[in-house]
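Reading through the structure tokens given below for one structure.
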Amino acid sequence: MTPATTTLWRHAHLVTLDGDAGWGEVADGALLTEGGRIAWVGPEAALAQGLAGRPAPEAEHDLQGALMTPGLVDAHTHLVYGGDRAAEFELRLQGATYEQIARAGGGIRSTVAATRAASDEALFAAAARRARVLMAEGVTTLEVKSGYGLDATHEARCLAVARRLGRELPLTVRTTSLGAHALPPEYVGRPDDFIDAVCSWLPAQQAAGLVDAVDVFCDSIGFTPAQTRRVFDAAQALGLPVKLHAEQLSDQGGAALAAQYRALSCDHLEHLSDEGVAAMAASGTVAMLLPGAYYFLRETRLPPVAALRAAGVPIAIATDHNPGSSPALSLLLMLSMACTLFRLTPEEAFRGVTVQAARALGLPDRGRLAAGQRADLAVWDAQHPRELAYVFGHNPCRAVIHAGVARATGLTQGLRA
Ligand code: DI6
Ligand code: FE
């Protein structure tokens with residue numbers, strides 16, 4: 001997978017995101033990759049020094065002033081599922097709410113039925129199609145949750161499909177076990193028995209190498225804080241990091257609970273309280289904001305961005321791609337929405353899909369342009385990085401480089417070797 005080649009990218013407008021704030025721009029920059037890592041990065045003027053003592057690069061590309069950024073990280077998706085929920089969308093337009101549909105046995109449960117009925121091949125093909133759309137916009141790392149299988153066999157199958165995506169596509173995939181996503185029909189009226197089952201699946205999932213983290217949907221239509229705690233205890237006993245769907249539709253105090261477990265991230269957070277903000281700040285937990293779900297469910301309560309900022313909580317942005325509340329396959333559109341709907345600055349939003357998203361996955365080796373970081377890069381038709389949050393509805397990505405290897409998004413032909 002890791003190439004042995006060294007490649008020099010020249011005359012790039014680099015957006016390094018080095019340091020805690022600012023874009024870290026280098027107007028006329030160069031970047032050397034070696035074996036899937038960034039070996040050197042700096043201004044063209046310092047290139048001779050940068051290359052001194054190194055073998056000549058095997059390939060060289062002149063970017064002619066194009067923007068080069070870290071590859072994007074979509075750190076919250078539910079990419080593996082069968083079917084779609086377009087009919088439910090129509091129902092909502094006729095007045096039914098997301099919660100009503102869920103309580104009536106539709107919603108997540110209808111996707112569970114379609115997922116269980118789909119073959120491994122069909123699940124993989126659909127998820128790979130979705131992943132490729134995200135990748136065409138510069139995504140090089142993707143988190144994928146289970147949560148539409150909801151029994152031991154089908155949860156493991158969905159996690160295995162996610163792992164296969166990471167093996168067969170030029171993409172890094174991190175998997176999250178979200179067995180506690182919804183109550184499956186066979187456990188109606190017995191949520192605590194279902195939580196026992198979810199906890200009992202984790203050791204086998206971990207032993208099979210299928211799981212990097214554990215998540216729970218803690219909400220009025222999901223699971224209670226006490227049930228969440230039991231899943232987190234099971235994860236912790238296995239040494240697995242946790243994260244939480246918290247405070248999306250109501251305030252359950254989930255974020256504060258997750259912070260006690262040093263959660264990687266708490267996600268959604270529209271109903272987050274001041275206590276939740278303080279707890280997240282103290283534990284270093286990332287606030288994962290999901291404007292696609294906010295938009296698609298026509299939520300009106302905004303996540304407390306000013307309070308998160310004031311408390312120094314790192315903010316990340318993701319698509320939350322799923323068939324019910326965010327059928328979005330554009331992380332760039334989420335940048336636009338994060339600014340327009342949530343009032344993030346373009347810089348905050350862009351950090352939210354790079355360095356902060358990487359942090360939310362516990363991956364400090366990506367999301368910035370610096371020596372030693374992974375050579376996961378994106379090249380854009382743009383003069384300034386703020387344009388990436390400004391445009392929507394078209395894709396300015398010209399090339400994507402994963403672990404040092406460039407792949408076509410239209411431009412690679414135009415790159416001279
Ligand atoms: N919150 C969400 O937004 C998704 N899951 C969750 O816990 C929605 C999943 C779905 O409606 O299928
Ligand atoms: Fe989600």
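Each value in this text was obtained by applying a stated rule to the coordinates, not by laboratory testing. Given the structure is predicted, the values throughout are model-derived calculations rather than measurements. Heads up, the Cβs are rebuilt from the backbone with ideal geometry, glycines too, and the neighbour counts pull from every protein chain shown.
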- Item | Label-point gap, in nm, between Gln49 and Arg167 - each point 7 angstrom along Cα→Cβ | 4.6 nm
- Query: Using alpha carbon centroids, what distance separates segment 136-200 and segment 20-89, in Å?
  - Reply: 29 Å
- Query: What does the charge count near Asp193 come to, summing +1 for each Lys or Arg and -1 for each Asp or Glu among other residues with Cβ under 15 Å from its Cβ?
  - Reply: -2
- Query: With the chain treated as a Gaussian network of Cα nodes joined by springs under 10 Å, which of His13, His384, His181 yields the largest mean-square fluctuation?
  - Reply: His384
- Message: Can you give me the distance in nm between label points at Arg262 and Phe89, each placed 7 Å from the Cα along the Cα-to-Cβ direction?
- Response: 4.2 nm
- Note on the structure: With the 8 Å Cα cutoff and a minimum separation of six or more residues, segment 72-360 has a relative contact order in percent of 17 percent
- With springs connecting C-alpha atoms under 10 Å apart, model the chain as a Gaussian network and identify which of Arg103, Arg262, Arg132 has the largest mean-square fluctuation. Arg103
- Item | R0 of 56 Å, Cβ-Cβ distance Ala122-His11: FRET efficiency to nearest 0.05 | 0.80
- Two-site label geometry, Leu302 and Arg386: point separation in nm, points 7 Å out along Cα→Cβ: 1.9 nm
- Subtracting the Cα-Cα distance of Asp28 and Asp365 from 0.36 nm times their residue separation yields 118.9 nm
- Max mean-square fluctuation residue, GNM over the chain, Cα-Cα springs under 10 Å, options Ala259, Ala131, Ala306: Ala306
- Report, for the chain, the % of DSSP beta bridges that are antiparallel, rounded to 5. 45 percent
- Rounded to the nearest 0.05, FRET efficiency between Ala21 and Ser250 (Cβ-Cβ, R0 25 Å) equals 0.15
- If all Cα-Cα distances of the chain are sorted into 20 Å bins from 0 onward, what percent lands in each bin, rounded to whole numbers? 28, 56, 15, 0
- Item | Amide proton proximity set for Val139, modelled H, under 5 Å, gap of 5+ | Leu72
- Message: Expected output is a single nm value to one decimal: the length gained when fully extending between Ala152 and Ala204, i.e. 0.36 nm times separation in residues minus the C-alpha distance. What is it?
- Response: 17.8 nm
- Report the net charge of residues surrounding Cys266, where surrounding means a beta-carbon distance below 9 angstrom and charges are Lys +1, Arg +1, Asp -1, Glu -1. -1
- Task: With a Förster radius of 51 Å, plug the Cβ-Cβ distance of Ala56 and Ala226 into 1/(1 + (r/R0)^6) and report the FRET value to the nearest 0.05.
- Result: 0.25
- For segment 378-406 and segment 295-335, what is the separation of their C-alpha centers, rounded to whole Å? 20 Å
- Query: For Arg309, what charge total do you get from the other residues with a beta carbon under 15 Å from its beta carbon, if Lys and Arg give +1 and Asp and Glu give -1?
  - Reply: -2
- Message: Taking 0.36 nm per residue of sequence separation and subtracting the Cα-Cα distance, how much length would be gained by fully extending the chain between Val405 and Gln100, in nm to one decimal?
- Response: 105.1 nm
